[in-house]
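For reference, the structure discussed in these notes is given below.
The values are calculated or read from the model by the stated rules, or taken from the named source; none is laboratory data. Predicted model only: the values in this text are computed from it and were never measured. Backbone-built Cβ (ideal geometry, glycine too); neighbour counts: all protein chains shown.
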Ligand code: ADE
C-alpha cells in the first residue's frame, strides 16, 4: 500500500433502484439476521426516477468510518450499518488503482476507514422504502470498492441484513426474495425471475398520499404482528406459498389479469394482518381506500382487470397498468378524483415519465379542471373530488439493477479530500 501519510483517495459511485413488493414481506423468523417468514416478490423500479446514489471512498487519511445521507452526517454506529460494513470488509480483496499508482492489499482493508455519502433522488418523507435502495446501494458500492468476488445473490444476502427488502434491489426486473431454510441466513437471498426487458409494457404510477400522522415503523409493526396476529401464520404458511408460485407463473407468461388479482389480494391481506395485530396497525388512510375503490370499480366495470394496486407500510398507492393506453386512462381518473391544490404547477404534480400526461390529454392545470368523470361512476352525482389529498404522482416503469457510475462528476465525495462535495 502507498505510504500512510500520503494523500490518496480511492472511490466508487453506484446507483441502486428501489423496489415494490407485489407479494409482501411481513414478519421475521429471526430479528437479528432479518430472516422472513415467507418468500416475497417485487418489481424493481426505474432508477432514473427512484434510486439511491452512493459514493464510497477509502483513504489512509481517514481516521474513522463516516457517512452522510442527503448531505447531513449520520451516525454509522447502528447495528445494521455495522453488519453490512463488517460482512463486506471480511470479503475484501486486493485493489490496484493504476492511475494513482496505489495497491491496497487484502489485509489493509481491516484498518482502513471509509467515507460514505448517499443521496436519494426522491424525498425520504414520501415514505417510499428509501432504506431498500439505500442499503442495496451501500452494500453493492462497498463490494465494488473492495473488489468483493461473491455473486449478486450472496451480496443480496448481506444487503438483507441492512434492510430486509434491500436484498430485492440487487437485481433489475422481477425479483423473488427466497426466505431460505438455513439458520445462518446464507440461503435467504434475492433471485432474479426475469430482467427489466421481459415485460416492458407495464407502467407504474405512484400516488404519494399526504399523511400527517407518524406511521408505525415496519420493524416494530411486523414484530407486533408476529407476536399477536392469529392470521399471520395462516398467511405465511398456507396462502403465500401458493401465491408466490402463481405470481411467478403470471410474470413468466406476462399474464396481467392474474398478476393484478394476486397483487391486489396480497396487498389487502397484508393490511388485514396489520388490522389483526394487537393493537391494530393502520397504514392506509381514507385516500388510500378511495384509490382502492376507484380501481376496483373500474376493474369490475371491464371484462378484465385494468390496474393492479399495492400499498406498503404507508398510505401511498402503487398502481400498475398493463400498457401506456391504460395508464393514461388511469391517470385521467386519478387526476379527476384527486386534483392538485390551486397554484400547484403540473410539472411538480406529475413527475417522472411525464409523457403519460400527453397520452392522457392533460397538458396544463386547466385541463385537470375540465376532465370528464369516469364512465363507471356516471351514476354518482355530484362527483366527488378530493383536492390536495394526493401530494403528487410519480410515473415510472420496471427498471434495471444497481450500476457503477463511471462519470466522475456524479461522485458525491471530493476526490482530493474525501469529504462531501
Ligand atoms: N436509508 C434511507 N436512505 C438511505 C441511503 N440512501 N443510504 C443508506 N441508508 C438509507
From the list 293, 285, exactly one residue is closer than 19 Å to residue 384 by Cα, in the same structural domain as residue 247 (by the TED database) and touching a residue at least 12 places away in the same chain (Cβ under 8 Å). Which is it?
285
Hey, does segment 112-119 have a residue that's free of Cβ contacts under 8 Å to residues at least 60 places away in the same chain, closer than 16 Å to residue 87 by Cα and part of a helix (DSSP H, G or I)?
no
Of everything in segment 112-130 that's near the ligand (Cβ under 9 Å from one of its atoms) and surrounded by fewer than 21 Cβ atoms within 10 Å (Cβ to Cβ), which residue is modelled with the highest pLDDT?
119
Only one of 172, 221 is out of contact with any strand residue (DSSP E or B) (no Cβ under 8 Å at 6 or more places or on another chain), at pLDDT 95 or above and buried (at least 16 other Cβ atoms within 10 Å of the Cβ); which?
221
Quick one: would you say residue 351 is surrounded by fewer than 18 Cβ atoms within 10 Å (Cβ to Cβ) and in contact with a strand residue (DSSP E or B) (Cβ under 7 Å, 6 or more places away or on another chain)?
yes
Looking at 63, 40, which one is surrounded by fewer than 24 Cβ atoms within 10 Å (Cβ to Cβ), touching a residue at least 12 places away in the same chain (Cβ under 8 Å) and away from the ligand (no atom under 16 Å from the Cβ)?
63
Residues in segment 137-171 that are more than 9 Å from the ligand (Cβ to nearest atom), in contact (Cβ under 8 Å) with a residue 60 or more places away in the chain and in a helix (DSSP H, G or I) total 13
Consider residue 72 against the criteria (1) near the ligand (Cβ under 10 Å from one of its atoms); (2) under 25 Å from residue 8 (Cα atoms); (3) out of contact with any strand residue (DSSP E or B) (no Cβ under 6 Å at 6 or more places or on another chain): it satisfies all of them except one. Which criterion is unmet?
(1)
Does any residue of segment 72-84 turn out to be touching a helix residue (DSSP H, G or I) at 6+ places or on another chain (Cβ under 9 Å), more than 30 Å from residue 353 (Cβ to Cβ) and surrounded by 21 or more Cβ atoms within 10 Å (Cβ to Cβ)?
yes
Inside segment 76-101, the number of residues satisfying the requirement of being touching a strand residue (DSSP E or B) at 6+ places or on another chain (Cβ under 8 Å) and within 15 Å of the ligand (Cβ to nearest atom) is 3
One residue is enough: does segment 363-382 have a residue meeting the conditions touching a strand residue (DSSP E or B) at 6+ places or on another chain (Cβ under 8 Å) and in a loop (DSSP other than H, G, I, E, B)?
no
